[in-house]
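Reviewing the structure listed below.
Values in this text are rule-based calculations from the coordinates and carry no lab data. From a predicted model like this one, the values you see are computed outputs, not experimental measurements. Every residue, glycine among them, receives a Cβ derived from its backbone with ideal geometry; neighbour counts consider all protein chains shown.
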Amino acid sequence: MNAKGTVHKYGDNVDTDVIIPARYLNTASHQELAAHCMEDIDKEFIRKVQPGDIMVAQKNFGCGSSREHAPIAIKASGISCVIASTFARIFYRNAINIGLPILECPEAAENITGGDQVSVDFDTGLISNLTTGKTYQAQPFPPFIQEMIRKGGLLNSISK
């Protein structure tokens, strides 16, 4: 499983209220959630994001409330992977549960910049910045979690 795309870069402590503001939580539509993803921190995000793009952030990404709407909005917006120095634990688990690939890699999160072209090999955890030629090593998920993500999350994995 691999990802390749343009980077959208964010800083520390991006909380779930910024990822998907609470005023939009009255819908179950993934596309409606995606339409408002990141709008309070990056008004242009939803117009710039392309299917396959990659989100990179610093420490404590996804902190705040435990809503699963945040990783759903990110995934539905077209983001193929989120790389961060660290993730809030509940976001980490929610991302896996809905099938959004995430990787913790402080060096990559620090050195990759917005607009860079990046590829990710989920089997090995290798992150390649195609713009700079630098590579970074993240810890890949074990095969059973990779399979869960490949199938679209926990519920899809159980039903298949």
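Things worth noting here:
- Among the conditions (1) within 18 Å of SER65 (Cα to Cα); (2) in contact with a His (Cβ under 9 Å, 6 or more places away or on another chain); (3) in contact (Cβ under 8 Å) with a residue 12 or more places away in the chain; (4) not small (Gly, Ala, Ser), ASP12 misses just one, which is (2).
- Residue tally, condition under 21 Å from GLY133 (Cα atoms) and touching a Gly at 6+ places or on another chain (Cβ under 7 Å), over segment 84-117: 1
- When segment 131-148 is limited to residues that are out of contact with any strand residue (DSSP E or B) (no Cβ under 9 Å at 6 or more places or on another chain) and surrounded by 13 or more Cβ atoms within 10 Å (Cβ to Cβ), the one that is nearest to TYR92 (Cα to Cα) turns out to be ILE145.
- Hey, GLU32 surrounded by fewer than 22 Cβ atoms within 10 Å (Cβ to Cβ), closer than 17 Å to VAL120 by Cβ and in contact with a Phe, Trp or Tyr (Cβ under 8 Å, 6 or more places away or on another chain) or not: no
- The listed residue being over 11 Å from the mean Cα position of the chain (by Cα), more than 24 Å from SER119 (Cβ to Cβ) and without any contact (Cβ under 8 Å) to a residue 12 or more places away in the chain, out of GLU32, GLU39, GLU44: GLU32
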